[in-house]
Structures are given as C-alpha cells and as structure tokens.
Amino acid sequence: MYEICPETPADEPEVEGLYDLCFAPGRTALSSYRLRDGVPRVAELCLVLRDAGGTLMAAIRFWPVRVDDRPVLLLGPIAVHPTAQGEGLGGLLMRDSLTRARRMGFDRVLLVGDAPYYSRFGFQRLDDVVMPPPTNPDRVLGLELRPDAWVNVAGPVQQETRPPADPPAPDPTACTQVDPPKRPADDRTETPRPSPHH
C-alpha cells in the first residue's frame, strides 16, 4: 500500500534530494526552470508518494504558466526513486494529480517529456506551443482536462506574472491510499539523467 499526499514544507528537503538523485546536475538551469523561477507552485497539486514505511518513493510538482494569455498547468518535475523505477509509481502520481487538477477546475496541462510514455495519459504534441529554447519541439506535450481546451491556444509559454489568488495551504490530510500497480511500467517519467531538457 502507498500513500499520496500534498507536499508540505517539511517534505521539501526530501523532494529536492529525490530530484537531485534522479536528474542530471544543473537541472535548475534548464529552460523549464526559467518559467518556474520566483513563481509559487500550485501547492494542492504538488504531491509525494510514500511506501508503508514512510519512505519517499516519488514526487510530482505543478506550476502556473500562460500561453496566449490563457492559464496553463506546467507539469514537472516528476521523479521516481531509482530503486522503484519500473513499478508504475509515476503512473499512480500522474493519474492522481490530474484527477485533482480536473476537480480544481483547471483546463489544460503542459509538459516537456517523451511522447511515447506520456501518450498513455492522453498527452499529445503541441505543434503551436513554444517552450523557451533550447527545448526540442517534439517534446512539448499537452493534455486537455476539458474538451477542446487547447484549441486555438498557441504561442510562446510565458511565466505567470499575475499574483496568485491566495490558494489554500496544502492540506496534509488530503491523502489517498493506493494499491501497488498490477502491471509494471516504465517510470522514468521526465527523461533520465542523459537528457538536457525537462
């Protein structure tokens, strides 16, 4: 049994340590981090997954950005501890977080990642959405949380500059108990260490 909970300030050192373990050194210099710099995360959607012993096994974060002056969720980073990759834990976090995002009323999600992996969650290439260089356009993917949410939404991805509307602090009691996935899957969600983009 696993537990998925909103990330709290007490979780942050562990989460940052997991990202450092899973991704290449210098990850914060990548193009997607320029969109995150100085912008508060969407706290309710930043989740941690722990095993029955309380060990952090996976984490996911979301950030607000804009495309064509429309609000967009930027998914990432998402990481699974190397000892648990291939067990489907990334999929558990993806599905749980996207369900929460729909409930919160978000319309569209953007990420930079491998299309063959993320297509299983409904993500497709966004030909008319441009991430800051040097992002590979083939890796710019989107998901509609509402029908036609990406229709006629095009242009560069821009940092969210509007002040947040005082979102509630993450509720550590808003946790979900989940069973281990029945079928192993590739969980190296955001590209593993050799890739320069995530």
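The values are calculated or read from the model by the stated rules, or taken from the named source; none is laboratory data. Everything numeric in this text was worked out from a predicted model, so none of it was measured. Glycine also receives a Cβ, built like all others from the backbone with ideal geometry; neighbour counts cover every protein chain displayed. Quick note on the areas: whole protein, heavy atoms, side chains included, nothing else; ligands and nucleic acids left out. Shrake-Rupley method; radii C 1.70, N 1.55, O 1.52, S 1.80 Å.
Annotations
- Residue 77 being touching a residue at least 12 places away in the same chain (Cβ under 8 Å) and surrounded by 13 or more Cβ atoms within 10 Å (Cβ to Cβ): yes
- Scanning region 151-187 for residues that are among the charged types (D, E, K, R), under 19 Å from the mean Cα position of the chain (by Cα) and at pLDDT below 60 yields a total of 2.
- Scanning region 103-118 for residues that are at pLDDT below 95, more than 23 Å from residue 137 (Cβ to Cβ) and not aliphatic (A, V, I, L, M) gives 103, 105.
- Pick from region 7-33, criterion over 12 Å from residue 58 (Cα atoms) and not in a helix (DSSP H, G or I), ranking: least open to solvent (accessible area, probe 1.4 Å): 23
- For region 80-111, a residue qualifies if it is open to solvent by 10 Å² or more (accessible area, probe 1.4 Å) and touching a Cys at 6+ places or on another chain (Cβ under 9 Å), and the qualifying residues are 81, 82, 85.
- Residues in region 90-127 that are in contact with a Gly (Cβ under 7 Å, 6 or more places away or on another chain) and not in a strand (DSSP E or B): 2 in all.
- Number of residues in region 38-65 that are surrounded by 19 or more Cβ atoms within 10 Å (Cβ to Cβ), assigned to a strand (DSSP E or B) and more than 10 Å from the chain's Cα centre (by Cα): the value is 6.
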